[in-house]
2 protein chains.
Amino acid sequence: MKIDVNLVPTSTEVWGYKNKTIVVIDVLRASSTIITALEFGARNIVPVLSPDEAVGLKTRYDSEDVLLGGERGGLKIQGFDLGNSPLEYTNDVVNGKTIVFTTTNGTKAIRSANGAETLLISAYINLAATAKKVVELGNDTLIICAGRQGSFSLEDAACAGTLCATIGRLISIEETDSAKATRMIAASYASPLDVFTASEHGQHLLSLGFKEDLEYAANVNSCDTVPFFIGGHLVLER
Amino acid sequence: MKIDVNLVPTSTEVWGYKNKTIVVIDVLRASSTIITALEFGARNIVPVLSPDEAVGLKTRYDSEDVLLGGERGGLKIQGFDLGNSPLEYTNDVVNGKTIVFTTTNGTKAIRSANGAETLLISAYINLAATAKKVVELGNDTLIICAGRQGSFSLEDAACAGTLCATIGRLISIEETDSAKATRMIAASYASPLDVFTASEHGQHLLSLGFKEDLEYAANVNSCDTVPFFIGGHLVLER
């Protein structure tokens, strides 16, 4: 299996997605939040690009079972039900709900890979489950790091590298330069929390008071579920 | 001093170049070749985007002191005087000459940073000289990795990381996520030759028979010169 990593989302990545598994990582915090919400019983999550699009969609749904979630500048959007902290997405809040979700980087990365046949969401909290699923699917795999406003982010690259290493312990893989580089980055830090503390976005979230989110997102393999993006919705595979 | 690294050239990087030092790295092989040619007495080097542009420019110069150099697919372009092997650019060949030069990635990265006030060329062979010059200039610095056809290349990132580390031994620096990541990548390999052997482009050049080029490009600090891009020409600072 060939493993490639896009260190930043690119506009060309919608090409060549046939027979490929795409994995999107936005470890702080969109992918950690998406995994958590579905693990705690959310019916599905609809990633959208803007708060306006989210509000418009909720109006069209016209149902109490629809919640608005997401962030801008790391903070909950005015009028939204939920922010982008995974700790908000508890069972009593999200069970059975549809969540219309918009974040600065994560939902954009998912939507940019819209043409993918198979798109999974990964973070530290579901690494082993993702690796197992990637191996089951058996296709060449492209990991897309959501990054930060079009730029590289240390935590997504390090998480991608740990995912590469985890897949590489299950089967024989052929890595591109970028996949190798992410493994080197991952191996340079003792723990995900060390990565978060060293990263610009981790520092930003700490300055906003989200220390507990970082600790939660650093819990490797605390979740056993892998969200799939199917027909515009993020769902757990049934 | 703030140090940032673009792991791939981006179309937006011509913005915000005021009071910034830009360093372009295409270690295999354009920047190694440019440094070598100027060290061995070339008058200047004119980076152009295509073989046609190179031929047109030579016709306009209409002088025996103009040579055409560069590669496509790693090999010398038909009708050109020189390829992209630094070993071809000896004193007896290049002394006093203008070299019109086009390569797949390196000259494109240089031209994309055309708006920069201060643009230097770096590779392993002139790392210490580059670091010294960056410190003298004293501006925030952006290192642009030329990469490979728009994608990440291990050898440029590793070289950028060693440059960051070298600058960091001279003065106090503040690194972005990507600068940190390149330092981690660099520290994961015992030598530049190990990086080249692990990299896709290094493997490609080995398959074309350019082993000696790799050995030459791995000679850290064998050159003491730093090319500047001034008025469309690469020259040594006088």
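Is it the case that A:Phe210 is open to solvent by less than 30 Å² (accessible area, probe 1.4 Å) and touching a Gly at 6+ places or on another chain (Cβ under 8 Å)? Taking the combined requirement at face value, the residue does not satisfy it. Taking segment B:10-27 as the search range and keeping residues that are over 20 Å from B:Glu174 (Cα atoms), within 14 Å of another protein chain (Cβ to nearest Cβ) and surrounded by fewer than 20 Cβ atoms within 10 Å (Cβ to Cβ), which one is modelled with the lowest pLDDT? Applying the filter and picking the extreme gives B:Trp15. Restricting to segment A:55-102, give me the number of residues that are farther than 15 Å from A:Leu234 by Cα and of a type in the set (A, V, I, L, M, F, W, C). The qualifying residues number 8.
Can you say whether B:Leu142 is within 14 Å of another protein chain (Cβ to nearest Cβ), touching a Gly at 6+ places or on another chain (Cβ under 9 Å) and under 22 Å from A:Ala179 (Cβ atoms), as far as the supplied structure shows? Here the answer is no, as B:Leu142 does not meet what is asked. Inspect segment B:108-129 for any residue being under 18 Å from B:Val226 (Cβ atoms), within 14 Å of chain A (Cβ to nearest Cβ) and in contact with a Cys (Cβ under 9 Å, 6 or more places away or on another chain) and give the result as yes or no. Checked against the condition, which is being under 18 Å from B:Val226 (Cβ atoms), within 14 Å of chain A (Cβ to nearest Cβ) and in contact with a Cys (Cβ under 9 Å, 6 or more places away or on another chain), segment B:108-129 yields no hits at all. Among residues that are open to solvent by less than 50 Å² (accessible area, probe 1.4 Å), in a strand (DSSP E or B), out of contact with any helix residue (DSSP H, G or I) (no Cβ under 8 Å at 6 or more places or on another chain) and in contact (Cβ under 8 Å) with a residue 24 or more places away in the chain, A:Ile3 is not included.
Counted as qualifying within segment B:51-145 are the helices (runs of 4 or more DSSP H) with 1 or more residues that are over 21 Å from B:Arg29 (Cβ atoms) and open to solvent by 20 Å² or more (accessible area, probe 1.4 Å), namely B:51-61, B:127-137.
Please pick out the residue among A:Ala181, A:Ala190 that is open to solvent by 30 Å² or more (accessible area, probe 1.4 Å) and either within 14 Å of the chain's Cα centre (by Cα) or under 23 Å from B:Lys180 (Cα atoms) (or both).
A:Ala190
Go through (1) more than 26 Å from A:Gln149 (Cβ to Cβ); (2) out of contact with any Ser or Thr (no Cβ under 9 Å at 6 or more places or on another chain) one by one and return the number of the condition A:His204 breaks. It is condition (1) that A:His204 fails. Here B:Val235 meets the list (1) surrounded by 13 or more Cβ atoms within 10 Å (Cβ to Cβ); (2) modelled with pLDDT under 95; (3) in contact with a Lys or Arg (Cβ under 9 Å, 6 or more places away or on another chain) almost entirely, failing just condition (2). With the structure loaded, tell me whether A:Phe80 is aromatic (Phe, Trp, Tyr) and more than 18 Å from the chain's Cα centre (by Cα) or whether it fails that test. Judged against the criteria, A:Phe80 is a match. Assessment of segment B:155-176 against the conditions (charged (D, E, K, R) and assigned to a strand (DSSP E or B)) yields at least one matching residue.
Among the residues of segment B:158-177 satisfying the criterion of being among the hydroxyl-bearing types (Ser, Thr, Tyr) and more than 11 Å from B:Val5 (Cβ to Cβ), which is least open to solvent (accessible area, probe 1.4 Å)?
Within segment B:158-177, the match that is least open to solvent (accessible area, probe 1.4 Å) is B:Thr166.
On the given criteria, is A:Val46 under 18 Å from A:Gly232 (Cα atoms), more than 14 Å from every other protein chain (Cβ to nearest Cβ) and part of a strand (DSSP E or B)? Yes, satisfied.
The set of residues in segment A:35-50 being of a type in the set (Ser, Thr, Tyr) and open to solvent by 10 Å² or more (accessible area, probe 1.4 Å) consists of A:Ser50 alone.
Taking (1) buried (at least 20 other Cβ atoms within 10 Å of the Cβ); (2) of a type in the set (Asp, Glu); (3) away from chain B (no Cβ under 14 Å) in turn, A:Glu155 satisfies each apart from (3). Inclusion of B:Asp213 among residues that are more than 14 Å from every other protein chain (Cβ to nearest Cβ), modelled with pLDDT of 95 or more and assigned to a helix (DSSP H, G or I) is warranted.
Please verify whether A:Gln203 is open to solvent by 10 Å² or more (accessible area, probe 1.4 Å) and at pLDDT below 95, treating the condition exactly as stated.
Spelling it out, it is not the case that A:Gln203 is open to solvent by 10 Å² or more (accessible area, probe 1.4 Å) and at pLDDT below 95.
Exactly one residue out of B:Thr130, B:Thr98, B:Thr104 is modelled with pLDDT of 95 or more and under 30 Å from B:Ser207 (Cβ atoms): that is B:Thr130. Starting from segment B:149-168, take each residue that is closer than 21 Å to B:Leu205 by Cβ and list its partners that are aromatic (Phe, Trp, Tyr), counting only C-beta distances under 8 angstrom and pairs at least six apart or across chains. Short answer, once both residue conditions are applied: B:Glu155/B:Phe196; B:Ala158/B:Tyr189; B:Cys159/B:Tyr124; B:Thr162/B:Tyr124.
The values are calculated or read from the model by the stated rules, or taken from the named source; none is laboratory data. What you are looking at is a predicted structure, and each value in this text was computed from that prediction instead of being measured. Using ideal geometry, Cβ is built from the backbone for each residue, glycine included, and neighbour counts are taken over all protein chains shown. Heads up: the accessible areas ignore ligands, DNA and RNA and are worked out on the full protein's heavy atoms, side chains in. Shrake-Rupley method; radii C 1.70, N 1.55, O 1.52, S 1.80 Å.
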